[in-house]
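Have a look at the structure below before the remarks.
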Amino acid sequence: MSYEQDAIRTKPPNEPVTIEDAQLDLLHAAMGLCTESGEFMNAMKRWIYYNKPPDRNNLIEEIGDVFWYCALAAEALGVSFEEIQARNTAKLKVRYPEGFSHTDALNRDLPSEAAALEGSE
């Protein structure tokens, strides 16, 4: 069996699916986040490898575009930026109780981080 045949055999069947508005918004947000992050990264690539300094206004624009897609995703999930920030802060306090360290970064306690995320609801 060829790779293509082996890979395609794992494809889900083409059955009618119902996509809700929230799912479409999350998909739109995921695509947009990838696109805008890629545009930001492309500016960094041009700076590092081609010695073309980044356009500060363009970088700010790309960050704004990322925020827009984050807002779309948050709305689809029914969560505010404030709640997202609180959950992330709780997770980071578990991960880095004394501030960033390489040791903590390499030895994460994922169950405790997950519990901190859930406890921030």
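Given Cα positions, please report Rg to Rh for the chain, the hydrodynamic radius being the Kirkwood one.
When Rh is taken as the Kirkwood radius, the ratio is 1.09.
Any idea how far apart Q85 and N42 come out in nm if each label point goes 7 Å out from Cα toward Cβ?
3.1
Return the calculated 222 nm mean residue ellipticity for the chain, to the nearest 500 deg cm²/dmol, obtained by summing -39500 (n - 2.57) across DSSP H runs with n ≥ 4 and dividing by the residue count.
-23500 deg cm²/dmol
Taking the square root of 5 times each eigenvalue of the Cα gyration tensor, what semi-axes in Å does the equivalent ellipsoid of region 19-78 have, largest first?
Ellipsoid half-lengths, sorted descending, are 29, 11, 5 Å.
For L110 and E61 in the same chain, what is the full-extension length gain: residue separation times 0.36 nm, less their Cα-Cα distance, in nm?
Here the answer is 14.3 nm.
So which chymotrypsin sites (Phe, Trp or Tyr not before Pro) in region 42-109 pass both tests, a DSSP loop state and at most 15 other Cβ atoms within 10 Å of the Cβ?
For chymotrypsin sites (Phe, Trp or Tyr not before Pro) across region 42-109 that sit outside H, G, I, E and B with at most 15 neighbouring Cβ atoms in 10 Å, the list reads F100.
Every number here is computed from the coordinates shown, using simple stated rules; none is lab data. The shown structure was predicted, so the numbers you read here are calculated from the model rather than taken from an experiment. Positions of Cβ are backbone-derived with ideal geometry, glycine not excepted, and every protein chain shown enters the neighbour counts.
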